[in-house]
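The values are calculated or read from the model by the stated rules, or taken from the named source; none is laboratory data. Everything quoted here is computed from the prediction, not taken from an experiment. Positions of Cβ are backbone-derived with ideal geometry, glycine not excepted, and every protein chain shown enters the neighbour counts.
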Amino acid sequence: MLKQENYQTMRIERRDNGIVVLTLDRPERLNAVNGTMHAELARFSRDYGNDRDARVLILTGAGRAFCAGGDFSPGDPIGANPEGPNLWVEARQIVDHILECEKPMIAAVNGYAMGLGANVALLCDVVIAGPNSVFADTHVNMGIGAGDGGQLIWPFLIGVNRAKYYLMTGDRVTGREAVDIGLANFYVENGDQLMPKAMEVAERLARGAPKAITASKMAVNAYLRSVSSLVMPMCLKYEEVTMASADHREAVAAFQEKRQPKFKGR
């Protein structure tokens, strides 16, 4: 069950008709993923799935970002939780647990959705974008191979070659472009209408037959899960190898020093 006391980096609000709004809540860091949030992303979808009072979940971000990706600042690094699984097991759980969730999930993308943040949003069943929405898998900009489900979900949504281009470049996609190319379902012209649109979709799903909705989405997700079993071990292994590279260390240093990295292929 989703209980606020079990979450430090997410805010849980219960609305009428079994709708739950889960807000990534590190606005001072653009909701970037630290170690605590990474662990919570690995289990929120299971807690939601096991919550008998919850019928639809809206995932969004506090402040001006949905989620800016991994937090590379010192303090609480990803994978630092001594009580949880290792980094790579946890990364796999984030993806697979979302795909295994039988209840509908809506991403209301209110700003930057970068790296892991983009992929968590795109793994949801419905994606709603607004004028401030920006999607990008930016792993390559940090000298890391694309991971966290990007190599799984982007090709399904926009096609293989187009996905490879975005994964290899880290180029950004605006909210309107996201709908045009198939990354998102809906676009709202006014940012103030993002949550009302998400609530409109959530209320429609909440009025539906839960078992029929589950039956309709899970067969599709079974297809994604079958591909995940092939893709995720490989992409996470490549991500692990590149994370130990000199290029990644250079990217982190450049990020902290607010300059462009100089990659040398090492």
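With respect to N132, is the statement that it is touching a helix residue (DSSP H, G or I) at 6+ places or on another chain (Cβ under 8 Å), touching a residue at least 12 places away in the same chain (Cβ under 8 Å) and in a loop (DSSP other than H, G, I, E, B) true? Taking the combined requirement at face value, the residue satisfies it. Looking across region 1-45 at every residue that is assigned to a helix (DSSP H, G or I) and small (G, A, S), the one that is surrounded by the most Cβ atoms within 10 Å (Cβ to Cβ) is identified as S45. Please verify whether Y238 is assigned to a helix (DSSP H, G or I), aromatic (F, W, Y) and over 16 Å from I144 (Cβ atoms), treating the condition exactly as stated. No; evaluated as a whole, the condition is false for this residue. Close Cβ contacts (under 7 Å, 6 or more residues apart or on different chains) running from residues in region 224-235 that are on the phi < 0 side of the Ramachandran plot to residues that are not in a helix (DSSP H, G or I) comprise C235/G145; C235/A146; C235/G147.
For (1) part of a loop (DSSP other than H, G, I, E, B); (2) hydrophobic (A, V, I, L, M, F, W, C); (3) closer than 15 Å to F44 by Cβ, each residue gets a yes or a no:
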residue	(1), (2), (3)
A91	no, yes, yes
D96	no, no, yes
V120	no, yes, yes
V127	no, yes, no
V140	no, yes, no
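Candidates N86, N110, N132, N119: the one that is farther than 25 Å from M199 by Cβ and among the polar types (S, T, N, Q) is N86. Taking region 53-80 as the range and being farther than 15 Å from E28 by Cα, modelled with pLDDT under 85 and not hydrophobic (A, V, I, L, M, F, W, C) as the test, the residues that pass are P77, G79.
Evaluating E83 against the criteria (1) under 30 Å from P261 (Cβ atoms); (2) at pLDDT below 95; (3) over 16 Å from the mean Cα position of the chain (by Cα) leaves one unmet condition, (1).
Of all residues in region 1-24, those satisfying the criterion of being in contact with a Ser or Thr (Cβ under 6 Å, 6 or more places away or on another chain) and either more than 15 Å from A121 (Cα to Cα) or free of Cβ contacts under 8 Å to residues at least 24 places away in the same chain (or both) are Q8, T9, R11.
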